[in-house]
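Enquirer: Submitted below is the structure of interest, expressed as structure tokens.
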Amino acid sequence: MKLKAFTKLTVKSMLMNFLPLVLTFSIFPMFLSCVIGYFQKDQFTPSVDMPIMSVHIVDEDDSIQSRNLKQFLNNDQIKSIIEIKEEEKDARYELIIPKGYENSLKLSTDSPIIINTKDKGYQSMGTMLGNIIDKYNEEISQSMYIRKSIDGKDIFPKEKEELFNIVNNEIYQVYNTNSIKNTIVTTKRSLSSYEHFSITFLSYMFIMVIMSMVAGEDSQKESGVYNRIMSTSITEVEYFKYNMITSYMFIVFLNCLYVFTYRIAGLSFQGSISILILIILTQSLLATALTGFVLEFFKKKIGLGILNALMIIQLVIGVGYLPLQKIGNGFLAKIATDYAPDVLIARAYRNYLIYNNLESIKTNLLLISLISVVILLICTLKVKLKWGEQ
């Protein structure tokens with residue numbers, strides 16, 4: 001009965017504020033992303049079957065493996081993406097193979113290759129080029145390790161030579177492996193400008209939803225609703241649980257407003273409806289958990305201040321293409337670029353738009369779910385400890 005009462009209040013709030021919610025969480029963010037997407041269409045992969053990157057290569061290593069890399073970038077399959085330019089002035093991207101490249105492959109260390117984006121180039125395309133080369137280096141490094149292992153085996157020279165020939169053939173055909181094929185497919189199927197910014201503004205939406213929930217809870221306390229509820233036969237732990245359940249319902253509603261507005265308009269999120277709903281449900285769970293965390297561990301002004309700062313940073317990074325690598329390369333920067341909540345959500349939506357299958361998003365969804373459960377458990381423990389002190 002208590003949960004039913006909480007649910008009725010939540011549904012009533014949805015209906016009373018329906019128009020403002022549609023404006024704030026649907027029309028306004030879509031309008032912004034459409035305007036920015038329209039003026040930045042040229043930054044995204046064209047649909048025609050032609051090279052999308054002009055690259056000038058500087059080979060400072062001049063080794064067997066550096067020449068193999070240049071040969072790889074000139075093969076027929078890669079030519080559908082990359083066009084090699086002899087003159088630096090004709091290229092939008094400069095690929096520098098520094099001295100020590102071959103040794104880095106032998107030692108299986110990080111590749112020292114440098115990719116410079118020229119004035120007319122785009123950071124997103126430079127990242128795509130880096131992804132292709134990273135996959136190539138990974139395959140080559142593995143092949144070289146296998147060759148080294150074969151050389152150390154106590155077998156007949158003829159058998160060793162046959163094994164060498166097999167591995168050599170694999171090295172020169174490395175671009176046919178699934179990992180590089182998938183990277184090439186990802187590049188050719190890069191998002192449209194509208195799809196890209198629909199994901200970029202998801203982070204804005206994500207923080208806005210949490211801010212809305214935090215502000216709504218605080219207004220309940222100020223209006224006396226919270227005190228009236230707590231005067232009944234309900235504990236703080238029960239209130240927290242019911243509040244999280246109804247908050248989850250409300251957040252699912254807000255996320256559906258955003259996502260399905262794009263889908264109905266035909267601008268983004270056009271894949272499988274069942275997978276899309278699964279992402280929305282998982283994303284909403286994380287937003288609910290973070291809402292509870294902010295409510296339990298921060299006062300209103302501090303919590304909203306932090307969320308406002310995060311929203312501004314996200315807009316600058318997402319819309320302005322400011323790479324976090326330029327802010328720092330340490331542990332915190334690695335966490336921010338790979339495992340931040342909004343990054344996991346954006347990655348799930350991006351993989352959904354490109355691959356449209358559950359396999360490509362399951363890892364991100366599992367991580368999001370795990371983080372959400374841990375946060376909710378921490379918040380519940382905090383409420384129990386607080387209740388025990390009263």
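Enquirer: So is residue 120 within 14 Å of residue 66 (Cα to Cα), open to solvent by 50 Å² or more (accessible area, probe 1.4 Å) and among the basic types (Lys, Arg) or not?
Expert: For residue 120, the condition - within 14 Å of residue 66 (Cα to Cα), open to solvent by 50 Å² or more (accessible area, probe 1.4 Å) and among the basic types (Lys, Arg) - is not met.
Enquirer: Separate question: Would you mention how many residues in segment 79-109 are on the phi > 0 side of the Ramachandran plot and at pLDDT 85 or above?
Expert: The total comes to 1.
Enquirer: Right, next: Taking the conditions exactly as written (assigned to a helix (DSSP H, G or I), modelled with pLDDT under 80 and either under 13 Å from residue 65 (Cα atoms) or open to solvent by less than 20 Å² (accessible area, probe 1.4 Å) (or both)), does residue 168 satisfy them or not?
Expert: yes
Enquirer: Only residues in segment 252-280 that are without any contact (Cβ under 8 Å) to a residue 40 or more places away in the chain and closer than 23 Å to residue 291 by Cβ count as the first member; pair them with residues that are buried (at least 19 other Cβ atoms within 10 Å of the Cβ) and small (Gly, Ala, Ser), Cβ under 6 angstrom, at least 6 apart or cross-chain, and list the lot.
Expert: Partner pairs satisfying both residue conditions: 252/284.
Enquirer: Kindly check whether there is at least one residue in segment 261-272 that is in contact with a Phe, Trp or Tyr (Cβ under 7 Å, 6 or more places away or on another chain) and part of a helix (DSSP H, G or I).
Expert: Scanning segment 261-272 turns up at least one residue that is in contact with a Phe, Trp or Tyr (Cβ under 7 Å, 6 or more places away or on another chain) and part of a helix (DSSP H, G or I).
The values are calculated or read from the model by the stated rules, or taken from the named source; none is laboratory data. Bear in mind that the values here come from a model prediction, so they are computed numbers and not experimental data. Every residue, glycine as well, gets a Cβ built from its backbone with ideal geometry; the counts of neighbours run over all protein chains shown. These area figures cover heavy atoms from the full protein model, side chains too; ligands, DNA and RNA do not enter into them. Shrake-Rupley method; radii C 1.70, N 1.55, O 1.52, S 1.80 Å.
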